[in-house]
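Here the structure is laid out as structure tokens; the discussion comes afterwards.
The values are calculated or read from the model by the stated rules, or taken from the named source; none is laboratory data. Model, not experiment: these values are computed from the prediction. Methodologically, a virtual Cβ is constructed for each residue, glycine included, from the backbone with ideal geometry; neighbour enumeration extends over all protein chains shown.
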Amino acid sequence: MKKKLYTLLFLLLLGFAADSFAQTTAPSVPKLFLTWSSNTYVPPGFTGKFMPTANSEITASVELIDGGKVANLSKQNVYWYANNNFLSGGIGMQSVTFRAPDAAGGTIDLRAEVPNYSKGSQLKTISVPIVRPGVVIEPIFPSGRFSSSPLQLAGQPYFFNTTSPARLNFIWSVNGQTPSGAENPQNLNIKFGPTMTPGSTLSVSLSVQNMDSKFQFETASKSANFTYSP
């Protein structure tokens, strides 16, 4: 009885060892990795992804990992496609730069292909979001309440086709009127006197437009209400 038990245990251990050996010696599967970047405007200190908008320039690159190492693609044909439309291709072409579509709000299916790799054709497709420009009114007060004069606000634009906010037109409105405290168009100082009663609300709106003739269609707007609570 003991002999049969020992034999069974030996066979089980042998099976586990064979399975582990098969897993460690199994051939690795090559894998493509795509990355992309855009050059739209974001405020200083922004640490997120620079998102492309309509007509933005997008740069993409590809790497092939094989056996845990970066494969040499310098002699391989690499082809690029956006929404199944051919962008560019050639020997060693591991990066490509192209323009986003004319309309924002959707995605691009970006694909890279390495058709003649030694372990078979390799391809990878990723989705690249094409966002609309945006703007944020700062600072963001808790519950929208402020306690002193002046109320100092700033407009922070995101994802416009520009390298500087100086190329953007900032249009402020306070309670439906054009304010006078916007000497620096990106900033707004709302001054008020002692007649301002607690609980009074200021309705602030901001519209931002790209002044570049090629991108005048780019606009973003934001509204916020602020309540005086001394």
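Conditions (1) in contact with a helix residue (DSSP H, G or I) (Cβ under 7 Å, 6 or more places away or on another chain); (2) more than 26 Å from G105 (Cβ to Cβ), marked per residue:
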residue: P139; (1), (2): no, yes
residue: G144; (1), (2): no, yes
residue: S147; (1), (2): no, yes
residue: Q152; (1), (2): no, yes
residue: P157; (1), (2): yes, no
residue: I171; (1), (2): no, no
residue: Q177; (1), (2): no, yes
residue: P185; (1), (2): no, yes
residue: N189; (1), (2): no, yes
Q | Pick from segment 181-230, criterion in contact with an Asp or Glu (Cβ under 9 Å, 6 or more places away or on another chain) and not hydrophobic (A, V, I, L, M, F, W, C), ranking: surrounded by the fewest Cβ atoms within 10 Å (Cβ to Cβ) | A | D212
Q) Out of E113, E138, which single residue is acidic (D, E) and under 30 Å from S173 (Cα atoms)? A) E138
Q | Subset of segment 90-109 [free of Cβ contacts under 8 Å to residues at least 24 places away in the same chain and within 25 Å of Q76 (Cα to Cα)] | A | G90, I91, G92, M93
(Q) Condition first: more than 28 Å from the chain's Cα centre (by Cα) and free of Cβ contacts under 8 Å to residues at least 40 places away in the same chain. Now tell me which residues in segment 124-156 satisfy that. (A) Q152
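Which one of S38, S61 is among the small types (G, A, S), modelled with pLDDT of 95 or more, within 27 Å of the chain's Cα centre (by Cα) and within 30 Å of P139 (Cα to Cα)? Show your work before the answer.
Numbers: S61 fails: within 30 Å of P139 (Cα to Cα).
It is S38.
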Q | Selected residue [at pLDDT below 95 and closer than 30 Å to F33 by Cβ] from T163, T125 | A | T163
(Q) Being out of contact with any His (no Cβ under 8 Å at 6 or more places or on another chain), at negative phi and surrounded by fewer than 17 Cβ atoms within 10 Å (Cβ to Cβ) is true for just one of G106, G90, G120. Which residue is that? (A) G106
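With the structure loaded, tell me whether V204 is under 16 Å from T53 (Cβ atoms), modelled with pLDDT of 95 or more and outside any loop (DSSP other than H, G, I, E, B) or whether it fails that test. Show your work before the answer.
Values: under 16 Å from T53 (Cβ atoms): no; modelled with pLDDT of 95 or more: yes; outside any loop (DSSP other than H, G, I, E, B): yes.
No, not satisfied.
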Q. Looking at segment 83-103, which of its residues are within 12 Å of S61 (Cα to Cα) and among the β-branched types (V, I, T)?
A. V96, T97
Q.
Yes or no: segment 165-179 includes at least one residue that is surrounded by 11 or more Cβ atoms within 10 Å (Cβ to Cβ), in a strand (DSSP E or B) and without any contact (Cβ under 8 Å) to a residue 24 or more places away in the chain.
A. no
**Q.** Meets criteria (of a type outside the set (K, R) and modelled with pLDDT of 95 or more) for S213
**A.** no
Q) Looking at (1) without any contact (Cβ under 8 Å) to a residue 12 or more places away in the chain; (2) at positive phi; (3) not in a loop (DSSP other than H, G, I, E, B), which is the one condition that is false for G45? A) (3)
Q: Report, ordered by the first and then the second residue, all pairs with beta carbons closer than 9 Å, sequence separation of six or more or different chains, a first member in segment 193-218 that is farther than 12 Å from W172 by Cα and in contact (Cβ under 8 Å) with a residue 40 or more places away in the chain, and a second member that is of a type in the set (K, R) and part of a loop (DSSP other than H, G, I, E, B).
A: E218/R132
